[in-house]
Amino acid sequence: MTATLIKNIGKIYGIHDKQFLKGSAMSFSGIIENGYIVIENDKISSFGPMDQAPENVGNVIDADGGLVMPAWCDSHTHIVYAASREGEYTLRLKGATYEEIAANGGGILNSAKRLQQTSEDDLFDSASLRLNEIMASGTGAIEIKSGYGLTTEDELKMLRVIRKLKENSPAVIKATFLGAHAIPAAYQDNRNKYIDLIINKMIPKVAGEGLADYCDVFCDKGFFTTAETDIILKSASKYGLKAKIHANELANSGGVQIGIKNKAISVDHLERIGDEEINALLSSNTIPTVLPSCSFFLNIPFAPARMMIDSGLGIALATDFNPGSSPSGNIPLLMALACNHMRLTPQETFHGVTINGAAAMEISHSLGSIFPGKIANLIITKKNTIA
Ligand code: NIG
Ligand code: FE
């Protein structure tokens, strides 16, 4: 394959060979001004200042002063869904809480009802449109969860849609089984029966068909208890599905600790954590992932990301794109929210959605920064006329 030279790059951002950045290292800025990058076999083979750019390279892309950076790595989304839930947004503006709407059959159960009535092809078509839209604003790698099926058949349907997205898109995609997203209406009086179904039917089928990389649980007040989460994650682990959990969004109910105990790759949300959770995370390999768009749209506290980084933690930032709590997959919006409301620096948010987001999907060896050997999954912007 012939090589490609990207020339006249105004600034190259995100140059480093690290696989995860922690604490003060998240403020590090690896920048070259007026540079070039050479790509061979889809991988970055070299970069440097423009006056050292190689000549006679087959293909040339003239960045014309634009910026080049690694594509965004969004490690937490729910982009396969059947319908938006803007009515709930209006209810919340009138004072209803996320929990109240969920308790009245709205929220996740509302999405499940709609998804169960929607064909696999239609779900694929609408999710493709969403994926293409977020790719156009710079996302190159994404984790997508099931969790709006809530029956064996419909959870498998969602995961097959994710597999088809993987097969048909240049984006790097990780799939997560989230059967434990909510107790379905039919099991409200017998939640143990639903947990048995997850453990004995769903997990073996999902793993048997190779449909997921991870197993997630919504471990929070009103959803799944820490004891239930523990049982589900342990069963998933026996089938080779690693843990990732939704924790501490609605209450400080021990989710972080149960995630760490189960060697979760990441614990996500964390709006309601304190020193105990931060200390537990500091002595683990679990990546804390914060979701500022969710706090913004639900009008709930933002995760204490400033305190987390100041304590020495590395954090990932993700959109949580879903029809309820975060109807946006827009990374630049998320970065601005994280700067304004979490008091993170632009460099910290940049690393949260590049290398650390890649780490939360276990792909930071090949994505999330600019370095020889990494996949050339890049954003090239127009010339930045302000800088
Ligand atoms: O990450 N918190 C749980 N799950 C999703 C919301 C899902 C929904 O409201 O549809 C989240 O916020
Ligand atoms: Fe989520």
| Only one residue in S364, S328, S295 is modelled with pLDDT of 95 or more and away from ligand 2 (no atom under 13 Å from the Cβ). Which one? | S364
| Looking at (1) within 16 Å of ligand 2 (Cβ to nearest atom); (2) over 30 Å from V38 (Cβ atoms), which is the one condition that is false for A316? | (2)
| query | Out of E133, E88, E143, which single residue is more than 15 Å from ligand 1 (Cβ to nearest atom) and among the charged types (D, E, K, R)? | reply | E133
| query | Can you name the residue in segment 91-116 that is open to solvent by less than 20 Å² (accessible area, probe 1.4 Å) and of a type in the set (V, I, T) and is also farthest from ligand 1 (Cβ to nearest atom) among such residues? | reply | I101
| Subset of segment 247-289 that is without any contact (Cβ under 8 Å) to a residue 60 or more places away in the chain and in a strand (DSSP E or B) - its residue that is farthest from ligand 2 (Cβ to nearest atom) | P288
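From the set of residues in segment 300-314 that are part of a loop (DSSP other than H, G, I, E, B) and away from ligand 1 (no atom under 16 Å from the Cβ), which is surrounded by the fewest Cβ atoms within 10 Å (Cβ to Cβ)?
Of the residues in segment 300-314, the ones part of a loop (DSSP other than H, G, I, E, B) are 300-304, 311-314.
From the residues that got through so far, the ones that are away from ligand 1 (no atom under 16 Å from the Cβ) too are 304, 311-314.
Numbers: P304: 21, S311: 15, G312: 13, L313: 18, G314: 23.
Residue satisfying both the conditions and the ranking: G312.
Being over 17 Å from V80 (Cβ atoms), open to solvent by less than 10 Å² (accessible area, probe 1.4 Å) and either out of contact with any Asp or Glu (no Cβ under 7 Å at 6 or more places or on another chain) or not assigned by TED's automatic domain parsing to the domain that holds L109 (or both): is that true of I183 here? Spell out the reasoning first.
On the way: over 17 Å from V80 (Cβ atoms): yes; open to solvent by less than 10 Å² (accessible area, probe 1.4 Å): no; either out of contact with any Asp or Glu (no Cβ under 7 Å at 6 or more places or on another chain) or not assigned by TED's automatic domain parsing to the domain that holds L109 (or both): yes.
In short, no.
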| Qualifying residues in segment 250-266 (those that are in contact with a Lys or Arg (Cβ under 7 Å, 6 or more places away or on another chain) and more than 19 Å from S235 (Cα to Cα)) - the one nearest to ligand 1 (Cβ to nearest atom) | L250
| message | Checking the structure you have, find out if any residue of segment 269-276 is at positive phi and within 16 Å of ligand 1 (Cβ to nearest atom). | response | yes
| If a residue has to be open to solvent by less than 20 Å² (accessible area, probe 1.4 Å), over 22 Å from the mean Cα position of the chain (by Cα) and aliphatic (A, V, I, L, M) to count, how many in segment 16-45 make the cut? | 3
| field | Residues within segment 14-65 that are part of a strand (DSSP E or B), touching a residue at least 60 places away in the same chain (Cβ under 8 Å) and charged (D, E, K, R), tallied | value | 1
| query | Among the listed residues N356, N322, N340, which satisfies the condition of being more than 16 Å from ligand 2 (Cβ to nearest atom) and touching a residue at least 40 places away in the same chain (Cβ under 8 Å)? | reply | N356
| field | Residue list for segment 140-184, restricted to those being touching a Phe, Trp or Tyr at 6+ places or on another chain (Cβ under 7 Å), assigned to a loop (DSSP other than H, G, I, E, B) and either within 16 Å of ligand 2 (Cβ to nearest atom) or modelled with pLDDT under 95 (or both) | value | S146, Y148, H181, A182
| Does segment 77-89 contain at least one residue that is outside any loop (DSSP other than H, G, I, E, B), farther than 30 Å from K157 by Cα and at pLDDT 95 or above? | no
| field | All positions within segment 222-246 that are within 16 Å of ligand 2 (Cβ to nearest atom) and surrounded by fewer than 20 Cβ atoms within 10 Å (Cβ to Cβ) | value | G222
| Only one of (1) more than 16 Å from ligand 1 (Cβ to nearest atom); (2) open to solvent by 20 Å² or more (accessible area, probe 1.4 Å) is not met by T286, so which one is it? | (2)
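Is it fair to say F297 is closer than 24 Å to S146 by Cβ, within 16 Å of ligand 1 (Cβ to nearest atom) and either assigned to a helix (DSSP H, G or I) or in the same structural domain as M135 (by TED's automatic domain parsing) (or both)?
yes
The values are calculated or read from the model by the stated rules, or taken from the named source; none is laboratory data. All values reported here derive from a predicted model rather than from experimental measurement. All Cβ positions, glycine included, derive from the backbone under ideal geometry; neighbour counts span all protein chains shown. When the accessible area is computed, the model is the full protein with side chains, heavy atoms only, and any ligands, DNA or RNA have been set aside. Shrake-Rupley method; radii C 1.70, N 1.55, O 1.52, S 1.80 Å.
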